[in-house]
Structure formats: structure tokens, C-alpha cells
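See below for the structure under consideration.
The values are calculated or read from the model by the stated rules, or taken from the named source; none is laboratory data. Everything numeric in this text was worked out from a predicted model, so none of it was measured. All Cβ positions, even for glycine, are placed from backbone atoms using ideal geometry, and neighbour counts span all protein chains on display. Surface accessibility is based on the protein's heavy atoms, side chains included, excluding ligands, DNA and RNA. Shrake-Rupley method; radii C 1.70, N 1.55, O 1.52, S 1.80 Å.
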Amino acid sequence: MNKDVHILFGLRIKELRLKAHISQEELSFRCGLSKNYISDVERGTRNISLKAISKLAYGLHVEIKDLFAFPK
């Protein structure tokens, strides 16, 4: 895996968010995380906690494992 895991994770969050047709603002509302936090995660600049990962899965209506389905 050549890309940093933070970048891969952020790209996956963005992919799932766009697939759900929701904005960063809507996702932040669903998750209880700030819009700036969501933006940082999607850009791969945030070292995200397990608690925040759980909130993102809830907000995206997916299982936690689905957040780590990175392309090969």
C-alpha cells in the first residue's frame, strides 16, 4: 500500500458520503462532528480516533469495517 492510511481512509469517507448524496455539513450533523473535522478527515490531515470512526460509520449508515474497504 503506497498511500498513507489517513489519505486512504479520507478518500473512502468521501466516497461513501458522495454515494449517500450528502454534504459534509449533513454528515457532520448526523455524526455530531464538526464540518471542519469531516473536511480534515477527508483530506487525510486528521489522526482520527476510534470513537470518531464509530460516529462516521453511524452517520453513513455502514458498518465500521466498510470504512476500511480501500481499493487495492
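Details
- The distance between label points at T45 and I64 comes to 2.7 nm (points 7 Å beyond Cα on the Cα→Cβ vector).
- For the chain, the solvent-accessible area with a 1.4 angstrom probe is 68 square angstrom per residue.
- Across the chain, the relative contact order, built from alpha-carbon pairs under 8 Å that are at least six residues apart, equals 40 percent.
- Taking 0.36 nm per residue of separation and subtracting the current Cα-Cα distance, fully stretching the chain between S54 and I22 would add 9.7 nm.
- Measuring how big the chain is from its alpha-carbon positions, Rg and Dmax come out at 10.9, 33 Å.
- Surface composition of the chain: carbon plus sulfur atoms contribute 54% of the solvent-accessible area (1.4 Å probe, protein chains only, all chains present).
- Set of the stretch 42-72 residues, backbone N closer than 11 Å to the point 7 Å along the Cα-Cβ line of V5: 48
- Per DSSP, loop trypsin sites (Lys or Arg not before Pro) in the stretch 1-54 with at most 14 further Cβ within 10 Å: K3
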